[in-house]
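Below is one structure, written out as structure tokens; the observations come after it.
The values are calculated or read from the model by the stated rules, or taken from the named source; none is laboratory data. This is a predicted model, so every value here is computed, not measured. Don't worry about glycine lacking a Cβ; one is built from the backbone with ideal geometry, like all the others, and counts go over all protein chains shown.
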Amino acid sequence: MSRPPLLHRRFTPLADSLPHLRLGRPPTPVRELTGLTSTVPVWCKDESGYGAGGWGGNKIRKLEWILPDARRQGTRTLLTVGGLGTNWGLAAALYGREQGLSTAIALIDQPIDEHVRAQLVRLRRSGAALHRTHTKRRTIASAPWLFLRHATGGRLPYFLPPGGSTPVGTLGYVEAAFELADQIASGELPEPSHVVTAVGSGGTAAGLALGLRLAGVHSRVVGVVVNDTLRLDAPAVVALAGRTERLLRERGADFPPARLTVDDVTVVRDWLGPGYGHATLEAERARALAAATASLELEPVYTAKALAALLAMADDGRLGPGPVLFLNTYGPR
Ligand SMILES: *Cc1c(COP(=O)(O)O)cnc(C)c1O
């Protein structure tokens, strides 16, 4: 038997109202990364191994809440959207399949490099129905057709926005924040002054911000925007955290208002480069440095840009004396 999620233990009514499906083995490890920078101590919470199929990353924690919610609604198909190299779409397809759900994905163009090409091969093998809709505009225009095309048994598919960043999906990182709070309390790592994560659709940053607040941890979430196709600023992240807080309350959790405001999170855009999926020199350097000094495997779209931001912000004093926590959201296959 797997352990119940911390959210169910903390807010007991949720055990009945918000089903959870354990897909990974918590807690994910934390370790200090030495050799990246001498300006602040850098720690890492490593989500790369979180998942059943030998690979993981941050999308698995979202699916732990999304898949049982979809099943409870009686859906047999997930419909979602992503870039050509979507980690999210692949995770939904593979983990959904194990739950008897099929997945359809509208794919939006992104620069094609080796990483994306390999990902496309995995997507094709996943059994997901792939629709190359190319642009956001054409995806929206084909939405009615996509919904009807993938209706099964008289039911429309369960729609998931890019990255699975619904309030239900965001619970995955509320849970991860609770887990981190326990690791801090047990002395596995010091309380970080900042927690740095990539922002691709915002669920990870929003869930962390809400969860850390609810757990009484004072770390400030720093979100590094890597996606220019969605609105991802501090108000958007805080709004998603607010919708997630409302969901918890609607489902029976009782707690004082979190009162998160835009001043509680830092969202930076300076490491995006020319756009989503476009390589940057800073990210390539950060990726090489992480591999060489910390045996940490990053990818160019999200985590390398997030680490590049962390290093630059540490250097110019914006992260204070630290310690800083880097969330490794990438689960290599
Ligand atoms: C999706 C993804 C992110 C971004 O998480 P969001 O919750 O979508 O902001 C970060 N890193 C990796 C590797 C991802 O695949």
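Table for the structure above
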| quantity | calculated |
| --- | --- |
| Test: residue in the stretch 51-60 that is closer than 20 Å to ALA181 by Cα, touching a helix residue (DSSP H, G or I) at 6+ places or on another chain (Cβ under 8 Å) and of a type in the set (S, T, N, Q) | yes |
| Unmet requirement for ARG333, which otherwise passes all of (1) out of contact with any Gly (no Cβ under 7 Å at 6 or more places or on another chain); (2) assigned by TED's automatic domain parsing to the domain that holds GLN183 | (2) |
| Residues within the stretch 293-314 that are under 19 Å from THR39 (Cα atoms), loosely packed, with under 14 Cβ neighbours inside 10 Å and either free of Cβ contacts under 8 Å to residues at least 60 places away in the same chain or not assigned by TED's automatic domain parsing to the domain that holds SER219 (or both), tallied | 0 |
| Positions within the stretch 298-326 being modelled with pLDDT of 95 or more and within 12 Å of the ligand (Cβ to nearest atom), in sequence order | LEU298, TYR302, THR303, ALA304, LYS305, ALA306, LEU307, PHE326 |
| Some residue of the stretch 63-81 being assigned by TED's automatic domain parsing to the domain that holds LEU148, within 13 Å of the ligand (Cβ to nearest atom) and either outside any helix (DSSP H, G or I) or surrounded by fewer than 19 Cβ atoms within 10 Å (Cβ to Cβ) (or both) | yes |
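The rows are residues; the columns are (1) surrounded by fewer than 24 Cβ atoms within 10 Å (Cβ to Cβ); (2) outside the structural domain of ALA151 (by TED's automatic domain parsing); (3) at positive phi.
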| site | (1), (2), (3) |
| --- | --- |
| THR12 | yes, yes, no |
| GLU32 | yes, yes, no |
| VAL42 | no, yes, no |
| ASN87 | no, no, no |
